[in-house]
Amino acid sequence: MSDDASRADARPDHDGATRYPAPARAPRPFSVMQSTLLSALVATVIGGLAYQLGLGDTSFDRPGQVVLLFVDLAPVLWFAAAPIIVHSLRWRAIDQRFRWLLIAAVAASAVAIATRILVVGENVLGTMFDPFTLAFVAWIAASLQWTRTRVKRLAAGTDRGITIVGMALGFGVAALGLALGTLRLVLVGPEVLPGAVPEASSGSPMTALLIAATFAMIAGLFWLTDRTRNR
């Protein structure tokens, strides 16, 4: 079912016009695009900051350093392609549009991986644990799931549970970023300047991984709450 065309028949009802209110209008294509891009940006920021926390790098001493943290090849490619995809497929069902957006995220991640390995010369393990390669696909998938839930429920005339779904996905993204940064620190080492060889950390990752597991459990509780309320 397309979220842009889900309307009830416009049959006049002179007797029951006040007794039966018209169903809520589904969001317009621009609303879908706006929600998709905003939720993707939020998921990317949450995941990136959680990754930095797991990596143990939380000091930002230059103006704009936090912004530069999220300027990477995969996000640039995806955010450039997403509006074109949503606009080109605006008459398709939302699931079809989001399927192509997820494919675009996979393609952007693949280009980023190939660039890091073939052009920059990074090792495969360090590339896989970068926040904007494989994890980027998971963050985009989380943002698409939230937008899909929002559009479907607003089209049905309710906004019940949208915030709970957002909290569940947000904690899930934070758990993934924190775990990814911790594993990167232990298996590969801290981020270093290009050309330098990182050394793996000898510290215990248990505390950070326990925090990530706690975040994951909180995400599961929010998800279970939403499922229970909407049965």
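Name the residue, out of 90, 160, 97, 116, that is under 14 Å from residue 32 (Cβ atoms) and out of contact with any Pro (no Cβ under 8 Å at 6 or more places or on another chain).
97 is the lone residue from the list that is under 14 Å from residue 32 (Cβ atoms) and out of contact with any Pro (no Cβ under 8 Å at 6 or more places or on another chain).
Only one of 176, 180 is at pLDDT 75 or above, touching a Phe, Trp or Tyr at 6+ places or on another chain (Cβ under 6 Å) and within 16 Å of residue 51 (Cβ to Cβ); which?
Exactly one of 176, 180 is at pLDDT 75 or above, touching a Phe, Trp or Tyr at 6+ places or on another chain (Cβ under 6 Å) and within 16 Å of residue 51 (Cβ to Cβ), namely 180.
Kindly establish whether residue 212 is part of a helix (DSSP H, G or I), at pLDDT below 95, over 25 Å from residue 35 (Cα atoms) and touching a Ser or Thr at 6+ places or on another chain (Cβ under 6 Å).
The answer is no for residue 212.
Go through (1) more than 28 Å from residue 183 (Cα to Cα); (2) in a loop (DSSP other than H, G, I, E, B) one by one and return the number of the condition residue 57 breaks.
Condition (1) is where residue 57 drops out.
What pairs come out if I take residues in the stretch 105-129 that are open to solvent by 40 Å² or more (accessible area, probe 1.4 Å) and pair them with residues that are among the aromatic types (Phe, Trp, Tyr) whose C-beta lies under 9 Å away, six or more apart or interchain?
Note: pairs meeting the criteria are 107/78.
Take residue 94 and decide whether it is open to solvent by 50 Å² or more (accessible area, probe 1.4 Å) and more than 15 Å from residue 135 (Cβ to Cβ).
Against the criterion (open to solvent by 50 Å² or more (accessible area, probe 1.4 Å) and more than 15 Å from residue 135 (Cβ to Cβ)), residue 94 does not qualify.
Hey, among 134, 73, 69, 101, which residue is open to solvent by 60 Å² or more (accessible area, probe 1.4 Å) and not assigned by the TED database to the domain that holds residue 177? Quick ask: steps written out before the conclusion?
Values: 134 fails: not assigned by the TED database to the domain that holds residue 177; 69 fails: open to solvent by 60 Å² or more (accessible area, probe 1.4 Å); 101 fails: open to solvent by 60 Å² or more (accessible area, probe 1.4 Å).
Among 134, 73, 69, 101, only 73 is open to solvent by 60 Å² or more (accessible area, probe 1.4 Å) and not assigned by the TED database to the domain that holds residue 177.
The values are calculated or read from the model by the stated rules, or taken from the named source; none is laboratory data. Since the model is a prediction, treat every value here as computed from it, not as a measurement. Cβ coordinates were reconstructed from backbone atoms using ideal geometry, including for glycine residues, and neighbour counts include every protein chain displayed. Protein only, heavy atoms only, side chains kept; ligands, DNA and RNA dropped before computing areas. Shrake-Rupley method; radii C 1.70, N 1.55, O 1.52, S 1.80 Å.
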